[in-house]
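Asker: Below is the structure I would like to discuss, written out as structure tokens.
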Amino acid sequence: KTKYSKLIFRKSDTVPEELHQMVQESFLTLREHNCFFQDLVRIKGKDFLTPVSRILIGNPGCTYRYLNTRLFTVPWPTEGYDIKYCCPQIHDACKALMRLNDYLHIEAVKALRGQNLFESKEIKSTNVKDREQSLATSLTKQGSVSKDQSSVSVPEDDRSLKNRTSYNLTLLNYMDPLQMLYLKQEPYFGMGNMAVSWHHDENLVERSTVAVYNYSCEDSAVQESHEQELKGRDPAVWHVGLKVAWDIETPGLAVPLHQGDIYLMLDDLNMTHQHCVLAGLSPRFSSTHRVADSSRGTLEYILGRCELALQNLQTDSDSMVLSLKSLEAAVVKQVEEIHNEVEFEWLRQFWFQGKRYLKFTDWWLKPMAKLEEFWRKLEIMTSLVLSEVRKEQQIEEQRNETISCFLLLLKERQKLRKEWTAR
């Protein structure tokens, strides 16, 4: 109750049956259309395939970055966007997950309000005790003043709650443990086979809630094992494991997950605790809804960055010759940083694993073509910097400063191009 109070668990019978049916059908449809993929992630300079297969579905133009890999959302059917799906079944699956997203948002807001109410009652109760103690002390110590601490807890407004629960995407996971040759053992508490090791979720808005819908395809063999007398966790059943971060003294928690169960990691739980997924025997799907930090991860953001960079490019109205407006070191540095960002965080990330998105929709092709067009102009701008700094009429101090910051970014580009070629 004290160490894991921000984990909220909902049994499947609290969720509308119609929603269960839609969501579970969508999982099976996506598996049938081979829409789950292992990601190639980079850890400490080495590439690894994830044991879990995934797909990202969410707001159009949104991305999610983890372990140096950027995933691009398959857009769910959003009003105001022209999204063509490869078949009606994929459209229906994305729509069902959007419905689940809306439902989990409402549940998370309710849970946070409940938690805030509980905490404010706790603080009020503590303040009463503090005031009583303070009064007793003031009677024995002349001149002591009792401070009113009732202002310590400031109720959270609805806008903040909504911001931290307005999920912009869901990362769907699928795993069949019987297809895995090797699964790591949980190292601290003897919890058994892990499908996903201990971790914090990355790239999220601070103190945002993570909501997870579980669908483990339980069969009769799993049901039978429930009836046995077992110590510890039932190895046939999937569990979510939690522990306090950097603490193996406090006992870990393993919560069994059955078909249609939901759990919420509220507030700062994802920062203060780590979680893992403990494998059962049957295949399992999960839909993990997140408020991804979109400050640098949306199509709108990167197109805006490109527009900013191109403000330094001008075309002569008569000769149509291209030139740079400024060679100031700060301007050149900003443009070349954007150049690297477009190439390595967007274009290469997309085409490295992005062709798989065409199984769903061609929505990303136009934005990528636009980014490639911007990238070609950025390449021209790099060439223009090179030709300008070769000219002798440049003031030497300014020229050296420009060359110095320019070369650093060119070296980084060369190094990253070699890495990507090797991958």
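Asker: Can you tell me which residue is farthest from the chain's Cα centre (by Cα) among those in segment 222-241 that are modelled with pLDDT of 70 or more and aliphatic (A, V, I, L, M)?
Answerer: In this case the residue turns out to be Ala236.
Asker: Can you report the number of residues in segment 188-218 which are part of a loop (DSSP other than H, G, I, E, B) and of a type in the set (Phe, Trp, Tyr)?
Answerer: Result for segment 188-218: 2.
Asker: Within segment 362-372, is there a residue that is in a loop (DSSP other than H, G, I, E, B), open to solvent by less than 40 Å² (accessible area, probe 1.4 Å), in contact with a strand residue (DSSP E or B) (Cβ under 7 Å, 6 or more places away or on another chain) and within 22 Å of Leu40 (Cβ to Cβ)?
Answerer: yes
Asker: Consider segment 43-62. How many of its residues are under 23 Å from Ile302 (Cβ atoms), β-branched (Val, Ile, Thr) and out of contact with any helix residue (DSSP H, G or I) (no Cβ under 8 Å at 6 or more places or on another chain)?
Answerer: 0
Asker: Could you tell me whether Asn193 is assigned by the TED database to the domain that holds Leu28, modelled with pLDDT of 95 or more and surrounded by 16 or more Cβ atoms within 10 Å (Cβ to Cβ)?
Answerer: No.
Asker: Does Lys11 satisfy the condition of being touching a residue at least 24 places away in the same chain (Cβ under 8 Å) and loosely packed, with under 14 Cβ neighbours inside 10 Å?
Answerer: The answer is yes for Lys11.
Asker: Related question: Listed residues Ile43, Ile90, Ile83; which is β-branched (Val, Ile, Thr) and under 20 Å from the mean Cα position of the chain (by Cα)?
Answerer: Ile43
Asker: Still on this structure, I have one more. Could you say which residue among Glu401, Glu307 is in a helix (DSSP H, G or I) and surrounded by 12 or more Cβ atoms within 10 Å (Cβ to Cβ)?
Answerer: Unique residue meeting the criteria: Glu401.
Asker: Is it true that Trp346 is more than 30 Å from Glu25 (Cβ to Cβ), in contact with a strand residue (DSSP E or B) (Cβ under 8 Å, 6 or more places away or on another chain), among the aromatic types (Phe, Trp, Tyr) and not assigned by the TED database to the domain that holds Cys217?
Answerer: Answer is yes for this residue.
Asker: Further question on the same structure: Collect the residues in segment 158-187 that are open to solvent by 10 Å² or more (accessible area, probe 1.4 Å), outside any loop (DSSP other than H, G, I, E, B) and of a type in the set (Ser, Thr, Tyr), keeping them in residue-number order.
Answerer: Ser160, Tyr174
Asker: Let me ask another. If you go through segment 33-42 one residue at a time, do you hit one that is of a type outside the set (Lys, Arg), surrounded by fewer than 17 Cβ atoms within 10 Å (Cβ to Cβ), within 18 Å of Tyr213 (Cβ to Cβ) and out of contact with any helix residue (DSSP H, G or I) (no Cβ under 7 Å at 6 or more places or on another chain)?
Answerer: No; the residues of segment 33-42 include none that is of a type outside the set (Lys, Arg), surrounded by fewer than 17 Cβ atoms within 10 Å (Cβ to Cβ), within 18 Å of Tyr213 (Cβ to Cβ) and out of contact with any helix residue (DSSP H, G or I) (no Cβ under 7 Å at 6 or more places or on another chain).
Asker: Applying the selection to segment 348-361, what residues are part of a helix (DSSP H, G or I), buried (at least 18 other Cβ atoms within 10 Å of the Cβ) and hydrophobic (A, V, I, L, M, F, W, C)?
Answerer: Phe350
Asker: Give me the residue from segment 312-330 that is open to solvent by 80 Å² or more (accessible area, probe 1.4 Å) and of a type in the set (Asp, Glu) and, out of that set, modelled with the lowest pLDDT.
Answerer: Across segment 312-330, the extreme among qualifying residues is Asp318.
Asker: Looking at this structure, is Leu269 at pLDDT 95 or above and closer than 27 Å to Val109 by Cβ?
Answerer: So Leu269 fits the description; yes.
Asker: Going through segment 380-396 one residue at a time, which ones are charged (D, E, K, R) and either open to solvent by less than 60 Å² (accessible area, probe 1.4 Å) or closer than 16 Å to Val331 by Cβ (or both)?
Answerer: Once the filter is applied, which keeps residues that are charged (D, E, K, R) and either open to solvent by less than 60 Å² (accessible area, probe 1.4 Å) or closer than 16 Å to Val331 by Cβ (or both), segment 380-396 yields only Glu388.
The values are calculated or read from the model by the stated rules, or taken from the named source; none is laboratory data. No experiment lies behind these values; they were computed from the predicted model shown. All Cβ positions, even for glycine, are placed from backbone atoms using ideal geometry, and neighbour counts span all protein chains on display. Accessible surface is based on the protein model in full, side chains and every heavy atom, while ligands, DNA and RNA are left aside. Shrake-Rupley method; radii C 1.70, N 1.55, O 1.52, S 1.80 Å.
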